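K.L.:
Shown below is the structure under consideration.
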Amino acid sequence: MKLNELTITEARSKLDAGEITSEQLAKSCLDEIENLNPSLNAYLEVYAADAMAAARLADERMSRGERLGVLDGIPLALKDNMLDQDRHITSGSKILEKHVAAYDGTAVRKLKEQGAVILGRTNMDEFAMGSSTEFSAYGPTKNPRDLERVPGGSSGGSAAAVAANLCLGAFGSDTGGSIRQPAALCGCVGLKPTYGRVSRYGLMAMASSLDQIGPFAKSVEDAALMLQAIQGADPQDQTTSEEKPFAPAWRENLSDVRIGLPRQAWGQGMHPEIKASVMQAIKQMEQLGAQVKDVDLPYADEALAAYYVIMPCEVSANLARFDGMRYGLREKGLALFETYARTRAHGFGSEARRRILLGTYALSRGYYDAYYLQAKRVQTLIKRAYEAAFRDVDVLITPTAPNPAFRLGEKTTDPLTMYLEDVFTVGANVSGLPAISVPCGLVENLPVGMHMIGPAFGEADLLAAARVYEESKP
Amino acid sequence: MALSRQEVKQMADLARLELSEDELAAAEQDLDKVLGYVERLQKVDTQGVEPAAMPARTEWREDVALPCDEAAREIIISNFPARQGDLLKTPGVFENPKGGKA
């Protein structure tokens, strides 16, 4: 087995036993990046020399018997919207083509303090808006399973990097499914933590009330380690929670675990073989002791609609800062209004412009009550519906995405078809709940993800259930 | 509900996006589709329902000036699109403030 194919857990025990070095691990990832990245475009930039230097430092620490953390010496990748001081960062946008991150985001700082080796930054849909990575200003990422197909998005680069073993794990951000959907389409584990679990300080904001950083991993156990490394309350992010930190609580089987299948979600259109594949996984969980029942979870359609009002409203406000004044692109030699308007028209791609217009409209005088306020009221009803469902069950399961990885260009012309990709994932963002996508099979040789949602701050039980399933797979 | 071209143009102005006629036409179509989809929210009975609040700690932190990391300061300045020394240069705000858009 090549070293880049190891899980973090496996690599950790080999490093601790002195069987391998961090330098060998990093080298093996960098070699694979050199082989595959030209065709995949998973990384936008690779820090080869710095990664090797960081790995050597980790090895020196190990030889002195020191270890900064579980991730010390582990090669990882970061999505291109996570600030890493003194490195280029673009959020997949032309408007930030030459931008340099001025400081470390909290999650990035924690990773560095724990000795993680950062390999590079990964491709994404512009400002995290998209479900295919085709809206990156730097070309699409390809699905490692089939280069004609998309890896999902918006964190498609991180998903492809993990699936193709171009790193041991990667981080992304999830606003409506941007970790879980690409994880499903590429065949790796993707976790969106509870809103407030991980600091958003230094994550470029898309929709601040929904954004959350989380891991892409080769196993549920690795995802747990990665979440532990970045979680926690942060004075720099007022929305981080003082809840007890997540700690894994693994279990042997699924006895007493109550699984709910939301009727309204399962009634949505989905590829019949995706349905069969996830149902098969649920049957397997039943054999492992879980009780399975249908549950009511109203507002399945409305959750997507509420998302496509609330999110663009926040996008239009958050992207107002890109005005050509303090950083990023500036079209020169124009009067003030034209400087703003031309800079933004040239700097933003089509999807960013579309969502800015949509948000501007929904927030404008005369429409605010009908769109934004109504969506926020429906959001309250959606949160209540999840709370009610979790009085009867411990975990809710659906497919992660309604279809397997689609072809490049298949959904770029009609925005609504792309938006429908998020139908199973947005609920967890709108309600702030933790959710994970776990690989559960193949359809036409393309990966299928099973989507599991847990109650707020219930990551320990959610991941424990996911891991029992994962370990039972043939 | 359908948007008029005039409304789309107005949104583009509010959002400071200079769009061509073709781009406005495309935006009109796209927005109509999405607004058509989200229309279903109007059918939900939300009488007496409070809008969802963002979970956040409500205590305020001390209002104190913190020193700026020197490396961060250097990078922030080097990111300026135009500068004079350490100062940010912008187009004139008071000369022709609305440009050609009187």
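K.L.:
What about A:TYR386, is it buried (at least 20 other Cβ atoms within 10 Å of the Cβ), among the aromatic types (Phe, Trp, Tyr) and either more than 10 Å from chain B (Cβ to nearest Cβ) or more than 30 Å from A:VAL292 (Cα to Cα) (or both)?
P.N.:
yes
K.L.:
Of A:ARG377, A:ARG407, A:ARG391, which residue is touching a strand residue (DSSP E or B) at 6+ places or on another chain (Cβ under 6 Å) and open to solvent by 10 Å² or more (accessible area, probe 1.4 Å)?
P.N.:
Testing whether each residue is touching a strand residue (DSSP E or B) at 6+ places or on another chain (Cβ under 6 Å) and open to solvent by 10 Å² or more (accessible area, probe 1.4 Å) leaves just A:ARG407.
K.L.:
Within the range B:1-18, count every residue that is more than 9 Å from chain A (Cβ to nearest Cβ) and either within 18 Å of A:GLY349 (Cα to Cα) or at pLDDT 95 or above (or both).
P.N.:
The qualifying residues number 1.
K.L.:
For the range A:366-380, indicate whether the set of residues that are more than 14 Å from chain B (Cβ to nearest Cβ) and at pLDDT 95 or above is non-empty.
P.N.:
No.
K.L.:
Given the condition more than 7 Å from chain B (Cβ to nearest Cβ), surrounded by 22 or more Cβ atoms within 10 Å (Cβ to Cβ), touching a Leu at 6+ places or on another chain (Cβ under 7 Å) and at pLDDT 95 or above, answer yes or no: does some residue in the range A:268-276 qualify?
P.N.:
Within the range A:268-276, not a single residue is more than 7 Å from chain B (Cβ to nearest Cβ), surrounded by 22 or more Cβ atoms within 10 Å (Cβ to Cβ), touching a Leu at 6+ places or on another chain (Cβ under 7 Å) and at pLDDT 95 or above.
K.L.:
Just to check your reading of the model, which residue among B:GLU28, B:GLU21, B:GLU59, B:GLU50 is more than 8 Å from every other protein chain (Cβ to nearest Cβ) and under 30 Å from A:GLN238 (Cβ atoms)?
P.N.:
Just a single option satisfies the conditions, and that option is B:GLU59.
K.L.:
If I ask for residues that are under 21 Å from A:GLU351 (Cα atoms) and assigned to a loop (DSSP other than H, G, I, E, B), which ones from the range A:315-326 would you list?
P.N.:
A:PHE322, A:ASP323, A:GLY324
K.L.:
Can you tell me which residue among A:GLN280, A:GLN264 is at pLDDT 95 or above and either buried (at least 19 other Cβ atoms within 10 Å of the Cβ) or not in a loop (DSSP other than H, G, I, E, B) (or both)?
P.N.:
Sole residue among the options that is at pLDDT 95 or above and either buried (at least 19 other Cβ atoms within 10 Å of the Cβ) or not in a loop (DSSP other than H, G, I, E, B) (or both): A:GLN280.
K.L.:
Could you list all residues from the range A:355-370 that are surrounded by 18 or more Cβ atoms within 10 Å (Cβ to Cβ) and over 16 Å from B:GLN10 (Cβ atoms)?
P.N.:
Answer for the range A:355-370, where residues must be surrounded by 18 or more Cβ atoms within 10 Å (Cβ to Cβ) and over 16 Å from B:GLN10 (Cβ atoms): just A:ARG355.
K.L.:
Kindly list the number of the only condition in (1) surrounded by fewer than 20 Cβ atoms within 10 Å (Cβ to Cβ); (2) at positive phi that fails for A:THR133.
P.N.:
Among (1) surrounded by fewer than 20 Cβ atoms within 10 Å (Cβ to Cβ); (2) at positive phi, the lone unmet condition for A:THR133 is (1).
K.L.:
Of all residues in the range B:39-58, which are at pLDDT below 85 and of a type in the set (D, E, K, R)?
P.N.:
Once the filter is applied, which keeps residues that are at pLDDT below 85 and of a type in the set (D, E, K, R), the range B:39-58 yields only B:ARG57.
K.L.:
Inside the range B:62-79, can you point out the residues that are more than 7 Å from chain A (Cβ to nearest Cβ) and either closer than 30 Å to A:LEU210 by Cα or assigned to a loop (DSSP other than H, G, I, E, B) (or both)?
P.N.:
B:GLU62, B:ASP63, B:VAL64, B:ALA65, B:LEU66, B:PRO67, B:CYS68, B:ARG73
K.L.:
So which helices (runs of 4 or more DSSP H) stay within the range A:146-254 end to end and still have 3 or more residues that are buried (at least 24 other Cβ atoms within 10 Å of the Cβ) and within 9 Å of the chain's Cα centre (by Cα)?
P.N.:
A:156-163, A:180-186
K.L.:
Something else about it: Just to be sure I understand the filter: pairs with C-beta atoms under 8 Å, separated by 6 or more residues or on different chains, first member in the range A:96-111 and away from every other protein chain (no Cβ under 12 Å) and open to solvent by less than 10 Å² (accessible area, probe 1.4 Å), second member assigned to a loop (DSSP other than H, G, I, E, B) and among the aromatic types (Phe, Trp, Tyr). Which pairs pass?
P.N.:
These pairs meet every condition: A:GLY105/A:TYR201; A:THR106/A:TYR201.
K.L.:
Go through (1) more than 7 Å from chain B (Cβ to nearest Cβ); (2) in contact (Cβ under 8 Å) with a residue 60 or more places away in the chain; (3) assigned to a loop (DSSP other than H, G, I, E, B) one by one and return the number of the condition A:MET285 breaks.
P.N.:
With respect to (1) more than 7 Å from chain B (Cβ to nearest Cβ); (2) in contact (Cβ under 8 Å) with a residue 60 or more places away in the chain; (3) assigned to a loop (DSSP other than H, G, I, E, B), A:MET285 is out only on (3).
K.L.:
When the residues of the range A:292-341 are filtered to those that are among the hydroxyl-bearing types (Ser, Thr, Tyr) and more than 7 Å from every other protein chain (Cβ to nearest Cβ), which remaining residue is surrounded by the most Cβ atoms within 10 Å (Cβ to Cβ)?
P.N.:
A:TYR307
K.L.:
A further question on this structure: Which numbered condition in (1) more than 7 Å from chain B (Cβ to nearest Cβ); (2) at pLDDT below 95 is the only one that A:VAL395 fails?
P.N.:
It is condition (2) that A:VAL395 fails.
K.L.:
Can you tell me how many residues within the range A:11-27 are outside any loop (DSSP other than H, G, I, E, B) and either at positive phi or surrounded by 19 or more Cβ atoms within 10 Å (Cβ to Cβ) (or both)?
P.N.:
Of the residues in the range A:11-27, 7 are outside any loop (DSSP other than H, G, I, E, B) and either at positive phi or surrounded by 19 or more Cβ atoms within 10 Å (Cβ to Cβ) (or both).
K.L.:
Check the range A:60-70 and report whether any residue there is of a type in the set (Asp, Glu), over 28 Å from A:SER154 (Cα atoms) and not in a helix (DSSP H, G or I).
P.N.:
yes
The values are calculated or read from the model by the stated rules, or taken from the named source; none is laboratory data. Predicted model, so just to flag it, every value in this text is computed and none were measured. For neighbour counting, all protein chains shown are included, and Cβ atoms are generated from backbone atoms with ideal geometry for every residue, glycine included. Side chains included, ligands, DNA and RNA excluded: accessible areas come from the protein's heavy atoms. Shrake-Rupley method; radii C 1.70, N 1.55, O 1.52, S 1.80 Å.
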